[in-house]
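Since every read-out is calculated from the coordinates, none of them should be taken as a lab result. Since we're looking at a predicted model, the values are computed, not measured. All Cβ positions, even for glycine, are placed from backbone atoms using ideal geometry, and neighbour counts span all protein chains on display.
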Amino acid sequence: MNRFQFVADHQDTFEVKRLCEVVEINRSSFYAWQDAAPTREQRAAADAELEERIRAVHDDDNTCGAPRITAELNDGVGAEDRVNRKRVARVMRERGIAGYRRRRRVRTTIPEPADQKVPDLLRRDFTAPAANRRYVGDITYLPLSDGENLYLATVIDCYSRRLVGWAVADHMRTELVEDALKAAEATRGSLAGAIFHSDYAEVGVMPRILCCACG
């Protein structure tokens, strides 16, 4: 309940002047709000009618968002019956009507500025004769409800396909990969002599470990 409505609901019991002082609004503002009540009622009725039209389109195709629904509502109608996209978006937002939103893509591969070439020690052979000999890794993003991302770095044994190390952070800096490798080292006891292959260098995270022998 807004402050104006509070004053309106209690004006038969207390003086308007006192109520306005309590809720800290000007009496002139309250009376202006009160005089605009018919206009608000008309707007609410118009929004309710628009909601029905929006739902008719949305129920037919629930992937539609405000732009497509606006286009559908304006298709073949006269200028006086056309609706504004912002108004459609507002009514949809207030009534909890939403179209399907494609998950935004996050670029996790960015060319290394130094363009450093690192040899491919595995030569595209991602098998291993035994455990703790060859590892591969990658970084992926985990979208959050607030629009931000977490980033997951992994270390996988080519022999068993086991995930032996991983780390999560809100960035793709070197520490993320280092933490994943430290976790793998803790799992295996040692990574000495093993080869680690990844495209981390292209992310600009840790160029020296694109494909390297762990020592």
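For the stretch 2-9, 3J(HN,Hα) computed residue by residue from phi via the Karplus equation (6.51, -1.76, 1.60; θ = phi - 60°) reads 7, 5, 5, 5, 4, 5, 4, 6 Hz, glycine and proline entered as x. Once backbone amide H atoms are built at 1.01 Å from N, ILE195 has ARG134, TYR135, CYS214 as its partners under 5 Å, excluding neighbours fewer than 5 places away on the same chain. Note on GLU148 and ALA192: the extension gain reaches 12.2 nm, defined as 0.36 nm multiplied by sequence separation minus the Cα-Cα distance. Counting charges near ARG134 (Lys, Arg +1; Asp, Glu -1) among other residues having Cβ under 14 Å from its Cβ returns a value of +3. Couplings for the stretch 83-91, taken from phi via the Karplus curve 6.51 cos²θ - 1.76 cosθ + 1.60 with θ = phi - 60°, read 10, 7, 4, 5, 5, 4, 4, 5, 5 Hz in order; Gly and Pro are left as x.
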